[in-house]
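J.: Mind having a look at this structure? Questions to follow.
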Amino acid sequence: MGKKFSGFSRLLARFRGWIQAAATLLTNIHLPNFSKGTLYRGDAKTVCVPGLNCYSCPAATGACPIGSLQAVIGSSKFSFSYYIVGILILFGVLLGRFICGFLCPFGWFQELLHKIPVKKFSTRKLKPLTYLKYVILLVMVILLPALAVNDVGMGDPFFCKYLCPQGVLEGAIPLSIANSGIREALGDLFAWKFFVLVAVVILSMLFYRPFCKWLCPLGAIYALMNKVSLCQMKVDKHKCVSCGKCAKACKMDVDVTKTPNHTECIRCGMCIRACPTKAVGYRYGFGTGKDKAAADAPQKIQLTKEQEEQP
């Protein structure tokens with residue numbers, strides 16, 4: 001790993017919060033619509049954004065890929081959607097879960113909540129829950145909209161309708177505040193979705209990104225693409241001293257020295273910033289980022305006192 005690219009990796013990781021803020025703004029650029037209580041309906045709305053962002057958000061620039069996928073699957077004239085599946089594969093191959101770590105508005109929202117000063121809990125013993133998002137993807141996003149149809153052959157977007165908290169946060173709440181007609185139409189379904197949102201908010205203060213880890217079907221799709229994604233993590237075997245600081249720093253419970261392209265890695269760069277020898281960084285291209293020697297054979301590099309004291 002060259003010095004220039006190593007420096008770029010640390011710079012990218014350092015300014016991730018600003019990148020997340022910029023990505024959220026670009027994904028929801030039509031801010032005046034919040035006061036109008038109306039939706040942007042321009043041509044850009046036919047294009048899927050990479051992260052989880054509700055189509056019904058007044059400021060939304062484009063369409064949510066999960067919402068779009070369900071709309072096609074649940075339509076009365078269902079046919080395979082090459083566009084939506086293709087764009088999800090494209091996003092996955094180009095970036096993988098880098099999208100979760102840098103470009104997803106709801107991921108950033110959970111991180112901001114996690115900064116609230118309350119007691120924090122580890123999710124290391126809750127790893128089986130990470131498989132739940134794959135069940136949600138299969139059942140709520142694909143099977144139920146396709147099979148549980150009404151008299152005219154249309155299925156509900158089950159995930160968006162019954163589980164996704166982003167729809168309430170970005171869509172129902174701001175629209176109901178600005179539009180009295182929508183406010184009067186709110187009922188039991190809104191109450192349930194609002195409860196889901198409150199639960200996710202509370203869990204996000206206690207756990208790091210619980211929705212991303214356990215419930216997000218979009219994260220499940222990108223997780224499946226992580227190992228073949230061009231955007232990967234790289235561990236330099238010549239610099240790694242097996243100190244374990246990268247694994248301790250990872251809030252997604254990944255040991256980058258053993259599984260640099262683990263399905264749960266969101267490329268957040270916390271391991272990069274924690275590494276005292278600058279052995280961890282991003283790489284872009286084909287191949288694997290795994291260096292077995294880095295994990296199996298500790299190097300004879302001695303940490304300086306200053307490096308040992310780094311968090």
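The values are calculated or read from the model by the stated rules, or taken from the named source; none is laboratory data. All values reported here derive from a predicted model rather than from experimental measurement. Positions of Cβ are backbone-derived with ideal geometry, glycine not excepted, and every protein chain shown enters the neighbour counts. Heads up: the accessible areas ignore ligands, DNA and RNA and are worked out on the full protein's heavy atoms, side chains in. Shrake-Rupley method; radii C 1.70, N 1.55, O 1.52, S 1.80 Å.
J.: Mind listing the long-range amide H neighbours of C48? Cut-off is under 5 Å, sequence gap 5 or more, other chains count too, H placed in the peptide plane at 1.01 Å from N.
T.: HN-HN under 5 Å from C48: A63.
J.: Longest exposed-loop-site-free stretch of the chain, with chymotrypsin sites (Phe, Trp or Tyr not before Pro), DSSP loop and at most 16 other Cβ within 10 Å?
T.: On the way: sites that count: F15, F78, F80, F121, F286.
Longest stretch, sites excluded: 122-285.
J.: Then there's this: Fully extended, how many nm does the chain gain between L112 and F195 (0.36 nm per residue separation, minus their Cα-Cα distance)? Write out the running numbers ahead of the final one.
T.: Values: separation 83, 0.36 × 83 = 29.88 nm, distance 1.96 nm.
Extending this stretch completely gives an extra 27.9 nm.
J.: On to the next question. Please work out whether segment 165-298 counts as rounded, prolate or oblate from its C-alpha gyration tensor, where a ≥ b ≥ c are the square roots of the eigenvalues and a/c under 1.5 means rounded, while otherwise a/b larger than b/c means prolate and anything else oblate? Numbers along the way, then the final one.
T.: Details: a/c = 3.67, a/b = 2.76, b/c = 1.33.
Prolate, since a/c reaches 1.5 and a/b exceeds b/c.
J.: So which trypsin sites (Lys or Arg not before Pro) in segment 56-159 pass both tests, a DSSP loop state and at most 14 other Cβ atoms within 10 Å of the Cβ? Let's see the in-between values first.
T.: Values: sites: K77, R97, K115, K119, K120, R124, K125, K133; in loops: K77, R97, K115, K119, K120.
Those satisfying the criteria are K77, K115, K119, K120.
J.: What residue among F121, C275, W214 has its Cα farthest toward the positive end of the dipole of the chain, where the charges are +1 on Lys, Arg and -1 on Asp, Glu, each on the Cβ?
T.: Toward the positive end, the furthest listed residue is C275.
J.: At a Förster radius of 51 Å, what calculated FRET efficiency corresponds to the Cβ-Cβ distance of F121 and A22, to the nearest 0.05? Display every interim value, and only then the final one.
T.: Working: r = 30 Å, r/R0 = 0.59.
According to the calculation, E is roughly 0.95.
J.: For segment 10-69, which whole percent of the accessible surface, found with a 1.4 angstrom probe, sits on carbon and sulfur atoms? Mind showing how you got there, number by number?
T.: Details: 1890 of 2790 Å².
That share works out to 68 percent.
J.: Set the bar at 28 Å for Cα to Cα. Now go through K161/K248; K213/K239; K133/K234; K77/K161; K115/K248; K133/K278 and name every pair that lies beyond it.
T.: On the way: K161/K248 37 Å; K213/K239 30 Å; K133/K234 26 Å; K77/K161 20 Å; K115/K248 18 Å; K133/K278 33 Å.
Over 28 Å Cα-Cα: K161/K248; K213/K239; K133/K278.
J.: Go ahead and run the numbers for FRET between L31 and V149, Cβ-Cβ distance against an R0 of 45 Å, rounding to 0.05.
T.: Details: r = 37 Å, r/R0 = 0.83.
Rounded to the nearest 0.05, the efficiency is 0.75.
J.: Also, I was wondering about something else. Trypsin sites (Lys or Arg not before Pro), restricted to segment 30-63: which are DSSP loop and have at most 15 other Cβ atoms within 10 Å? Intermediate results must be reported in sequence, preceding the final value.
T.: Values: sites: K36, R41, K45; in loops: R41.
Counting only loop positions with at most 15 other Cβ atoms within 10 Å, the trypsin sites (Lys or Arg not before Pro) in segment 30-63 are R41.
J.: Set the Förster distance to 30 Å, then compute FRET efficiency between K45 and Y284 from the Cβ-Cβ distance, nearest 0.05. List each step's numbers first, then the result.
T.: Numbers: r = 30 Å, r/R0 = 1.01.
Efficiency computed from Cβ-Cβ geometry: 0.50.
J.: Between the helical axis of 188-206 and the dominant principal axis of the chain, each derived from Cα atoms, what acute angle in degrees is found, rounded to the nearest 10?
T.: That helix lies at roughly 10 degrees to the long axis.
J.: Here's a follow-up. What is the distance in Å between the Cα centres of segment 258-279 and segment 75-151?
T.: 21 Å
J.: If I compute Cα extents along the principal axes in Å from the structure I just sent, which labelled value in [x] 69, 42, 36; [y] 103, 39, 30; [z] 56, 41, 37 lines up?
T.: [x]
J.: Under 5 Å between amide H atoms, partner at least 5 residues away or on a different chain: which partners does V149 have, H built in plane at 1.01 Å?
T.: none
J.: Which length gain, in nm to one decimal place, applies between L132 and I182 when the Cα-Cα distance is subtracted from 0.36 nm times their residue separation? Let's see the in-between values first.
T.: Working: separation 50, 0.36 × 50 = 18.00 nm, distance 3.27 nm.
Residue separation times 0.36 nm, minus the Cα-Cα distance, leaves 14.7 nm.
J.: Further, regarding this structure: Can you tell me how segment 96-210 classifies by the Cα gyration tensor, rounded, prolate or oblate, using a/c under 1.5 as the rounded cut?
T.: On the way: a/c = 2.13, a/b = 1.26, b/c = 1.69.
It is oblate, given that a/c is not under 1.5 and a/b is not larger than b/c.
J.: Solvent-accessible area per residue for the chain at a 1.4 Å probe radius, Å²?
T.: Details: 15620 Å² over 311 residues.
Solvent-accessible surface per residue comes out at 50 Å².
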